[in-house]
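**Student:** Dropping a structure here in structure tokens format, bear with me for questions.
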């Protein structure tokens with residue numbers, strides 16, 4: 001599968017009739033969202049946005065060549081990091097089938113935009129992201145909370161027994177955002193490695209060729225224009241800021257929200273709302289986070305076009321309030337504080353922080 005079409009049930013509710021089962025809460029909400037026209041494709045918006053980001057990218061490369069051997073090129077590196085992140089968000093939207101009605105068109109848009117413009121593999125991303133959407137923050141289902149350098153699941157904390165690993169674990173919250181500076185490198189490496197080792201990715205060789213050509217072309221262009229020292233600084237700034245922007249957009253949405261034990265069965269609406277967090281902000285936040293600040297709406301309706309998420313937010317929040325489903329929204333800075341505190345609490349030995357509300361009810 002090259003698109004996230006199976007990440008969530010399609011919003012196709014049916015009215016209850018004689019002998020029919022009453023519609024679920026999600027079906028009722030989906031019907032209201034569809035009636036508001038919020039699932040309608042916004043191809044014009046995506047074409048315009050892509051054209052603007054592409055124009056800024058071309059302008060940045062022209063400025064890079066004009067500036068030549070100058071430390072001012074580091075400002076260009078920052079601009080290219082921003083546009084690369086925006087291309088990554090656009091690829092994410094296409095992979096979720098938000099852009100076109102055709103799944104094939106969306107898959108190719110995701111593959112080309114993300115690969116050629118951001119150096120990201122949609123084949124790797126969709127496989128990982130599908131699992132996240134199907135079970136956000138659930139142990140053994142969501143790869144985003146799998147233990148690695150950082151420990152997100154409190155049950156895994158006792159396994160870190162080496163004194164150095166234990167010392168780091170107790171302070172891992174403070175290391176989270178510095179580590180995001182390496183996320184750009186990780187995204188490139190993970191995508192290329194996945195395409196080299198997996199055989200089930202559609203158009204694997206073509207996608208690999210696109211990504212390698214983009215990454216190598218970037219490095220060659222920098223090496224031709226800049227001397228080694230400035231070239232290394234340019235690459236470091238671009239990759240570091242790119243990783244910070246991408247990770248900083250995804251991290252606030254689920255980190256520190258309830259951890260769901262393996263095997264727990266939860267209805268779709270509760271699963272997506274209770275484990276997700278929205279971020280306050282205006283249009284600037286919408287752009288900086290690629291619409292992911294409306295994480296609850298995005299998880300409920302993954303194929304909803306990005307510009308419609310802002311309109312869906314008051315509908316979803318009102319619906320959740322009416323039916324007693326906790327809806328979480330906070331500021332961007334506040335969400336980062338939650339992430340840091342949560343990771344440090346995991347490391348400091350609180351073995352059951354932020355347990356799923358539904359699990360708490362069952363225990364009671």
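**Student:** For the stretch 31-55, name all the residues that are in contact with a helix residue (DSSP H, G or I) (Cβ under 9 Å, 6 or more places away or on another chain) and surrounded by 14 or more Cβ atoms within 10 Å (Cβ to Cβ).
**Tutor:** Within the stretch 31-55, 32, 33, 38, 39, 42, 45, 46, 49, 50, 53, 54 meet the criteria.
**Student:** Over 30 Å from residue 346 (Cα atoms), crowded, with 19+ Cβ neighbours inside 10 Å and without any contact (Cβ under 8 Å) to a residue 60 or more places away in the chain - does that describe any residue in the stretch 120-136?
**Tutor:** no
**Student:** Pull up the stretch 102-111, narrow it to residues that are in contact (Cβ under 8 Å) with a residue 24 or more places away in the chain and in contact with a helix residue (DSSP H, G or I) (Cβ under 7 Å, 6 or more places away or on another chain), then point me to the one that is surrounded by the fewest Cβ atoms within 10 Å (Cβ to Cβ).
**Tutor:** 106
**Student:** Something else about it: For residue 97, which of the numbered conditions (1) outside any loop (DSSP other than H, G, I, E, B); (2) crowded, with 16+ Cβ neighbours inside 10 Å fails to hold?
**Tutor:** It fails just one condition, (1).
**Student:** Going by the structure shown, is residue 314 assigned to a helix (DSSP H, G or I), in contact with a helix residue (DSSP H, G or I) (Cβ under 6 Å, 6 or more places away or on another chain) and surrounded by fewer than 21 Cβ atoms within 10 Å (Cβ to Cβ)?
**Tutor:** no
**Student:** Here's something else I'd like to know. Looking at the stretch 6-24, is at least one residue over 21 Å from the mean Cα position of the chain (by Cα), within 30 Å of residue 200 (Cβ to Cβ), modelled with pLDDT under 65 and surrounded by 12 or more Cβ atoms within 10 Å (Cβ to Cβ)?
**Tutor:** So far as the stretch 6-24 goes, yes, one or more of its residues are over 21 Å from the mean Cα position of the chain (by Cα), within 30 Å of residue 200 (Cβ to Cβ), modelled with pLDDT under 65 and surrounded by 12 or more Cβ atoms within 10 Å (Cβ to Cβ).
The values are calculated or read from the model by the stated rules, or taken from the named source; none is laboratory data. Everything numeric here is computed off the predicted structure, so don't read it as measured data. Every residue, glycine among them, receives a Cβ derived from its backbone with ideal geometry; neighbour counts consider all protein chains shown.
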